[in-house]
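Structure first, commentary second.
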Amino acid sequence: MKPGEQTRLASVDAVRAHQRTWLEETRAAVGEGGGRFAICNADDFEEIFTAFGIPVMVVNYWNSIVTFSERKGPHFGAVLRERGYTPNMFSMGLATTLDPAEAPWGGLPKPTIMIGTTRDETQLRVMELWARAFGCECYPLDFSWTSQYRQLPPPGWWNLHFSRSGEMIDPARHAERVRQMERLIAHLEERLDQPFDHARFREIMEGINEQMALWQEAFDLIATVRPLPVSLRDQTALYQLNWQRGTAPNIALMRDFLTEVRQLVADGAGCYPQERFRLYLATSGNDPLYHRYLRERWGGAIVSSRYSGIAPMYARDLSREGPLEALAARQLFLFDKEPHWEVHEAKRWGAQGVIGLERDPSLPSRYRRVVEAAGLAYLALPRDADDEEIHGLIDCFVQTRILEGQ
């Protein structure tokens, strides 16, 4: 790749190809061989299914494929409205089952079980309706972000995940979470007529640590190099590896990515033609539609987002507690949309400003207060769009908050 070109990395294309092949093979095994399959919410139960040898699709990932990768959100939103449902990002998977002929990548096979979540009532209801559409079991597993904390996270809480996350979660809540998972494991053992492989489960948790160490090394390198060697688009696409984390294929794909990053740095390759200033994206979305305008009009590069920094937080110190206890602690405290952490990330990437989504950008917000108190500029946008209103907000921000300070 020549300096200034923005092309897809071979290692990231390999991740995309692997995911498609995995789904094709899973669909064939379930449909033709009577194999098993599961669907669960992100960070609920994925590692347990992997230890059982059951392929699992994560709701969040499938919804992202529908909405962002295949851009079929408008179609499946209409499918939901025709049936009297109010569309939202979490319900796109349900819509693909209601209209399987339009489902991306050939659609999903019928699951053996789906894990519902009480993260909020809407998500649990969507999972119940989705399971009914498939004709399979829905098992609700409690998950509450709002009751997880024993105390407010201390300064620098993002450095405590690996070995000290237990200091930040309620011990009774943690114990109950472990009991819930043990009950669900026992239910699956009976339902599948198969014992749970605790040794395999530990291997997966150790594999996650290995995968995240490779991720950390690669992204530490990307963040410090000028010009930026890996685009935000490819950074976000790489996050697909987190949906089958800790498995040998995904560890190998992560290692290939690190190798390619090292070569890009050695070659002096840059992914954007201009990089006059850097911005950090404080959202969980993909590479935004307005990014091209920002680059071509102002030479501004969005160099990172939440996804680039969240992944290493999946790693856990298994020498301090058992794998199941470590998994429960991670589920109760993985990350939060918290501005102090995002300021830390923005500065790590050398960004001069932070972009956030605010329904009404004219109103004061905690994000704005924290970001600006840290000496960074803050751009609040009402939506991820590429239109005249968004361009106008970008123009004003760059002229008054970025260029004036140069």
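The values are calculated or read from the model by the stated rules, or taken from the named source; none is laboratory data. Treat the numbers as computed from the prediction; the structure is a model and nothing was measured. Glycine also receives a Cβ, built like all others from the backbone with ideal geometry; neighbour counts cover every protein chain displayed.
Details
- Only one entry in L363, L393 is modelled with pLDDT of 95 or more, of a type in the set (A, V, I, L, M) and either surrounded by fewer than 16 Cβ atoms within 10 Å (Cβ to Cβ) or under 19 Å from L294 (Cβ atoms) (or both), namely L393.
- The stretch 199-214, subset within 24 Å of the chain's Cα centre (by Cα) and of a type in the set (A, V, I, L, M, F, W, C), residue surrounded by the most Cβ atoms within 10 Å (Cβ to Cβ): I208
- Some residue of the stretch 253-271 being within 30 Å of E372 (Cα to Cα), surrounded by fewer than 18 Cβ atoms within 10 Å (Cβ to Cβ) and without any contact (Cβ under 8 Å) to a residue 60 or more places away in the chain: no
- Neighbours by Cβ (under 7 Å, 6+ apart or cross-chain): first from the stretch 126-141, small (G, A, S); second part of a helix (DSSP H, G or I) and surrounded by 15 or more Cβ atoms within 10 Å (Cβ to Cβ): A133/L94; A133/T97; A133/L98
- Residue within the stretch 14-22 that is within 30 Å of A266 (Cβ to Cβ), assigned to a helix (DSSP H, G or I) and among the small types (G, A, S) present: yes
- Yes/no for E217 being of a type outside the set (A, V, I, L, M), closer than 28 Å to S319 by Cβ and touching a Leu at 6+ places or on another chain (Cβ under 9 Å): yes
- Residue list for the stretch 81-106, restricted to those being surrounded by fewer than 17 Cβ atoms within 10 Å (Cβ to Cβ) and more than 23 Å from R20 (Cβ to Cβ): R81, E82, R83, G84, T86, N88
- Note on the stretch 381-395: residues that are farther than 13 Å from I355 by Cα, part of a helix (DSSP H, G or I) and in contact (Cβ under 8 Å) with a residue 60 or more places away in the chain total 2.
- Checking T236, T224, T247 one by one, the residue that is of a type in the set (S, T, Y) and over 26 Å from Q19 (Cα atoms) is T224 and no other.
- The condition of being farther than 23 Å from N242 by Cβ and either in contact (Cβ under 8 Å) with a residue 12 or more places away in the chain or small (G, A, S) (or both) holds for only one of Q194, Q211, Q180, that being Q194.
- Test: residue in the stretch 174-186 that is under 30 Å from E24 (Cβ atoms) and surrounded by fewer than 13 Cβ atoms within 10 Å (Cβ to Cβ): no
- Test: residue in the stretch 26-39 that is touching a residue at least 60 places away in the same chain (Cβ under 8 Å), among the basic types (K, R), more than 18 Å from N242 (Cα to Cα) and out of contact with any Pro (no Cβ under 6 Å at 6 or more places or on another chain): yes
- Looking across the stretch 187-198 at every residue that is more than 27 Å from the chain's Cα centre (by Cα) and in a helix (DSSP H, G or I), the one that is surrounded by the most Cβ atoms within 10 Å (Cβ to Cβ) is identified as L192.
- Residue in the stretch 107-122 that is surrounded by fewer than 19 Cβ atoms within 10 Å (Cβ to Cβ), assigned to a helix (DSSP H, G or I), at pLDDT below 95 and within 19 Å of the chain's Cα centre (by Cα) present: no
- Subset of the stretch 272-281 (residues that are basic (K, R) and buried (at least 17 other Cβ atoms within 10 Å of the Cβ)): R278
For (1) in contact with a helix residue (DSSP H, G or I) (Cβ under 7 Å, 6 or more places away or on another chain); (2) among the polar types (S, T, N, Q); (3) at pLDDT 95 or above, each residue gets a yes or a no:
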site	(1), (2), (3)
N250	yes, yes, yes
V261	yes, no, yes
Q274	yes, yes, no
L294	yes, no, yes
R297	no, no, yes
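- Listed by first and then second residue, the pairs linking a residue in the stretch 321-348 that is in contact (Cβ under 8 Å) with a residue 60 or more places away in the chain and farther than 30 Å from F201 by Cα to a residue that is part of a helix (DSSP H, G or I) and among the hydroxyl-bearing types (S, T, Y), with Cβ atoms under 9 Å apart and 6 or more places separating them unless they lie on different chains, are E342/Y367; E345/S308; R348/T224.
- Per-region count, the stretch 366-390, residues surrounded by fewer than 16 Cβ atoms within 10 Å (Cβ to Cβ), under 25 Å from the mean Cα position of the chain (by Cα) and within 25 Å of E338 (Cβ to Cβ): 3
- For the stretch 90-110, the count of residues that are in contact (Cβ under 8 Å) with a residue 24 or more places away in the chain and β-branched (V, I, T) is nonzero.
- Search result, residues across the stretch 332-367 that are more than 20 Å from L393 (Cα to Cα) and in a helix (DSSP H, G or I): L332, P339, H340, W341, E342, V343, H344, E345, A346, K347, R348
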